[in-house]
1. Filtering segment B:214-230 down to residues that are touching a helix residue (DSSP H, G or I) at 6+ places or on another chain (Cβ under 7 Å) and open to solvent by 10 Å² or more (accessible area, probe 1.4 Å), which residue is modelled with the highest pLDDT?
2. For segment A:49-71, does any single residue satisfy the condition of being of a type in the set (G, A, S), under 21 Å from the mean Cα position of the chain (by Cα), in a helix (DSSP H, G or I) and surrounded by fewer than 18 Cβ atoms within 10 Å (Cβ to Cβ)?
3. Restricting attention to segment B:21-68, which residues are within 14 Å of chain A (Cβ to nearest Cβ) and touching a residue at least 60 places away in the same chain (Cβ under 8 Å)?
4. Which is part of a helix (DSSP H, G or I), within 17 Å of A:I133 (Cβ to Cβ) and modelled with pLDDT of 95 or more, of A:V21, A:V38?
5. Within segment B:246-261, how many residues are within 24 Å of B:Q28 (Cα to Cα) and open to solvent by 80 Å² or more (accessible area, probe 1.4 Å)?
6. Checking B:I295 against (1) of a type in the set (A, V, I, L, M, F, W, C); (2) farther than 26 Å from B:G173 by Cα; (3) modelled with pLDDT of 80 or more, which test does it fail?
7. Got a number for residues in segment B:113-130 being at the interface with chain A (Cβ under 9 Å from one of its Cβ atoms) and open to solvent by 40 Å² or more (accessible area, probe 1.4 Å)?
8. Scan B:T154, B:T199, B:T191 and give me the residue that is away from chain A (no Cβ under 14 Å) and surrounded by 23 or more Cβ atoms within 10 Å (Cβ to Cβ).
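The values are calculated or read from the model by the stated rules, or taken from the named source; none is laboratory data. Treat the numbers as computed from the prediction; the structure is a model and nothing was measured. Glycine gets a Cβ as well: all are built from the backbone with ideal geometry, and neighbour counts include every protein chain shown. Please note that ligands, DNA and RNA were not included when accessible areas were found on the heavy atoms of the full protein model with its side chains. Shrake-Rupley method; radii C 1.70, N 1.55, O 1.52, S 1.80 Å.
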Amino acid sequence: MEVSSEQVFQALYETVYMVSVSLVFATVIGLPLGILLVVTRKGHILENSAIFSALNPVINVLRSVPFIILLVAIIPFTRLVVGTSIGTTAAIVPLVIYTGPYIARLVENSLLEINPGIIEAAEAMGATPLQIIFRFLIPETLGSLILSITTATIGLIGATAMAGAVGGGGIGDLAITYGYQRFSTITIVATVIILVVLVQGIQSLGNVFARKIRRN
Amino acid sequence: MGIGAAVWKEQSPAGSPSEAKEGMIAFQQVSKTFESGGKTVEALKDVTLTVEKGDIFGVIGFSGAGKSTLLRTVNLLERPTAGSVIVDGKDLSKLSVKELRSVKKNIGMIFQQFNLLETKTVFDNVAMPLVLGDTPKKQIRERVDELLSFVGLTDKAGSYPNQLSGGQKQRVGIARALATNPSILLSDEATSALDPQTTESILQLLQRVNKEYNITILMITHEMNVIKEICNRVAVMEHGAVVEQGSVLDVFANPQTEVARNFVKSVVRDDIPPSVHKLLAAKRGKSKIIKIHFIGESTGQPMLSQVAKRFNSDVNVLFGSITELAGVPFGNLIVELAGNEADIARAYHYIQQQNVTVKEIVS
């Protein structure tokens, strides 16, 4: 039994929906956490070992749980947040919990790339910590931040393949249920091509924006 | 020390900054220790220094001498462990965070690595300190245009730092440091990453900053040449302590410590080059070889021609190193006096009575 093009479009829609909504929420959570991880570390502008040493292991723990386990493990929490534990929207909750800490780490790495001399210059100018974050730290590492978000987006696409386990649908689910379980080679090939194009497109877009901002 | 500290406490709250009797920047027994891996490192040991209004004050020392830490105590990028730093009459350690930020607007800083924002244009870099202070846009434009013209970069306003040379980047750094109209400029090895020619032009620019804007400059460097070019006062640091300080002329003329002597030697040679050694060996016994060290008006030449005329002796300059410090000639001459013995003795005696230091060389 072959899949219809309608099913493919439906699956593509579900993937794009899950990825984009999860990305927005994961960024809203991950970006501030990543900033916190940088500015609260020793010797930085808002040094605070309590926050840093509380945050750091929590992010590590969340990062080390395999997504398929996390997906199932937090079902009660998912139900609490979106009222159901089945379906595309329900898949978004674990996707956010999975990707948020990942983005935090990526953001942390990007922000650490800044030349410490820039921060010193900012402090010498009498900039407040918020000014340092928004006028120096983020603008100077924006190119790298965009690449980080690009990497996170591609990671999300991979994770959505497992969303089928909670009835989330999407391209990955299509590949498993029709392609793998029903031996439809054409479905496998088609879904892989779609995913490759999607990933390639997102990476290229990220690269273009990053290059534009980095000015070289 | 105790008395000094008491006087300070009396003066600082009441003393008006413009009188600046206590100096523009006063370091009072400043110490700073770092804890690093269980070890305590003393970066600054009991440093007491006064930088007067209008000075271009140079602090020289090898890397690790503590000069960078000292500079950073002036805008509290480093907080002293003990002692106080008084800037324009205000004890920084006693200010609130908010007051400190406003004091920092009065202190510009430039860096060895320029520390410009790579993603911002030259214009936006220079404007940054004003943007932070919520200055109106029109005022920012006027001020930045004025500063870019002052540093000679009007045509680069729209360029990005990676399109500029090192010297141009430092000019942007200087313009940025001046944006908020500070009365103090801190220079952290500002010319150390530049070639000699660019160094020269940046030093001239700093001199203009000092003269035209009446800005007191405190600079740290490991290059005695920089001190020689533009400073009027100098302090020599070693292992976290100031081992010598005074006017540039005094320190150059009469260095008291080994480290200061070495720095002076790096710009004013007083050793005898090998070629002259050979010459001396050949002349041994036939004439008197003397070394004359002079400062200021007692320049060698008129005195030597006097010697030649008065004492009927031949004067032959074998080696000389002359430089100018704060507009005053300064240097060493190695001179051969030839003639009959009595004349030479009288000539030598005459030179000794002049305002120079003279020593016979036995090679």
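1. Only one residue fits best here, namely B:I230.
2. We begin by selecting, within segment A:49-71, every residue of a type in the set (G, A, S); these are A:49-50, A:53-54, A:64.
Those still in the list that are under 21 Å from the mean Cα position of the chain (by Cα) too: A:64.
Those still in the list that are in a helix (DSSP H, G or I) too: A:64.
Now drop any that are not surrounded by fewer than 18 Cβ atoms within 10 Å (Cβ to Cβ), which leaves A:64.
For segment A:49-71, residues of a type in the set (G, A, S), under 21 Å from the mean Cα position of the chain (by Cα), in a helix (DSSP H, G or I) and surrounded by fewer than 18 Cβ atoms within 10 Å (Cβ to Cβ): present.
3. So in segment B:21-68, the residues within 14 Å of chain A (Cβ to nearest Cβ) come out as B:34-37, B:68.
Result: B:S68, single match.
4. Numbers: A:V21 fails: within 17 Å of A:I133 (Cβ to Cβ).
Only one candidate passes the filter, namely A:V38.
5. Qualifying residue count, segment B:246-261: 2.
6. (3)
7. Pass one, segment B:113-130, residues at the interface with chain A (Cβ under 9 Å from one of its Cβ atoms): B:113-120, B:128-129.
Filter once more, so that each one left must be open to solvent by 40 Å² or more (accessible area, probe 1.4 Å): B:113, B:118, B:120.
Going through segment B:113-130 one residue at a time, the tally reaches 3.
8. Working: B:T154 fails: surrounded by 23 or more Cβ atoms within 10 Å (Cβ to Cβ); B:T199 fails: surrounded by 23 or more Cβ atoms within 10 Å (Cβ to Cβ).
Going through B:T154, B:T199, B:T191 in turn, just one is away from chain A (no Cβ under 14 Å) and surrounded by 23 or more Cβ atoms within 10 Å (Cβ to Cβ): B:T191.
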